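These notes concern the structure reproduced below.
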Amino acid sequence: MHPALNAVAVQLLLVPSVVFASTWEIDSAHSEAVFAVKHMMVSTVRGKLGKVSGTVQIDDKDVTKSTVEAAVDVNGIDTGEPSRDNHLKSPDFFDVAKYPTITFKSTRIKKGAGNQLMVTGDLTMHGVTKPVTLAVTYSPTEAKDPQGHIKRGASATARVNRKDFGLNWNKALETGGVIVGDNIDITLDVELTKKDTPPK
């Protein structure tokens, strides 16, 4: 086959995977990332991370072919206690001067029951990248806001061990145990805005 015709044939084979894909941006004003971690083995401290941004490519024909890329600004961490927030931003924990963002890039998506997905990807935090799986519940339908923007939503949860990412600071308690727990429960609630279809 002539090289030019061969190139056209390859492009035609790729068309189905593009036709059903749509691009959605995370609406930072209506999205948030929160976390929870044990304190002194007896209570739970909760807080918010900073601005959430990113892009989701949704394959409307086969959702498992969709992709997710997201970033969280750790400079915006807020637990309601400024001194604790400053400690979390310091080199003892997130070291935001060197590592200001947490990023996630999907590598595999599996369909669950109903509106459930298991989204596995590379989570980079504190300069360390590890595979993490998010349990995701998404809205199967679209909504239009007063400005005419098309919206969808999703909620994702995951548990990570902070020591896997080099967040090792701790202190032992006289009564046994440590001040800060190892496991961090993360929840992301995101609102997505569909990008306008570019002119042909």
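The values are calculated or read from the model by the stated rules, or taken from the named source; none is laboratory data. This is a predicted model, so every value here is computed, not measured. Heads up, the Cβs are rebuilt from the backbone with ideal geometry, glycines too, and the neighbour counts pull from every protein chain shown.
So here's what we get for this one:
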{"quantity": "Residue match in the range 31-38 (condition: surrounded by 14 or more Cβ atoms within 10 Å (Cβ to Cβ), modelled with pLDDT of 95 or more and more than 19 Å from N183 (Cα to Cα))", "calculated": "yes"}
{"quantity": "G148 being in a strand (DSSP E or B) and of a type outside the set (S, T, Y)", "calculated": "no"}
{"quantity": "Yes/no for G80 being closer than 18 Å to D185 by Cβ and over 20 Å from the mean Cα position of the chain (by Cα)", "calculated": "yes"}
{"quantity": "R159 being within 16 Å of I186 (Cβ to Cβ) and basic (K, R)", "calculated": "yes"}
{"quantity": "Conditions (1) within 16 Å of the chain's Cα centre (by Cα); (2) modelled with pLDDT under 95: number failed by I186", "calculated": "(2)"}
{"quantity": "Of residues in the range 24-48 being within 16 Å of the chain's Cα centre (by Cα) and polar (S, T, N, Q), the one farthest from K195 (Cα to Cα)", "calculated": "S31"}
{"quantity": "Odd one out for K38, checked against (1) of a type in the set (K, R); (2) touching a residue at least 24 places away in the same chain (Cβ under 8 Å); (3) in contact with a helix residue (DSSP H, G or I) (Cβ under 9 Å, 6 or more places away or on another chain)", "calculated": "(3)"}
{"quantity": "Positions within the range 138-163 being closer than 20 Å to P91 by Cβ, surrounded by fewer than 15 Cβ atoms within 10 Å (Cβ to Cβ) and charged (D, E, K, R), in sequence order", "calculated": "K163"}
{"quantity": "Number of positions in the range 189-200 that are farther than 16 Å from A21 by Cα and at pLDDT below 90", "calculated": "0"}
{"quantity": "Residue check, K163 more than 16 Å from the chain's Cα centre (by Cα), not small (G, A, S) and not in a loop (DSSP other than H, G, I, E, B)", "calculated": "yes"}
{"quantity": "Single match in K65, K61 (criterion: surrounded by fewer than 17 Cβ atoms within 10 Å (Cβ to Cβ), under 15 Å from I109 (Cβ atoms) and either touching a residue at least 60 places away in the same chain (Cβ under 8 Å) or touching an Asp or Glu at 6+ places or on another chain (Cβ under 7 Å) (or both))", "calculated": "K65"}
{"quantity": "Criterion (surrounded by fewer than 14 Cβ atoms within 10 Å (Cβ to Cβ), basic (K, R), under 18 Å from the mean Cα position of the chain (by Cα) and at pLDDT 95 or above) met by exactly one of K98, K51, K105, K130", "calculated": "K130"}
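Residue by residue, here is whether (1) touching a strand residue (DSSP E or B) at 6+ places or on another chain (Cβ under 8 Å); (2) surrounded by 14 or more Cβ atoms within 10 Å (Cβ to Cβ) holds:
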residue	(1), (2)
M41	yes, no
Q57	yes, yes
D73	yes, yes
S83	no, no
N86	no, no
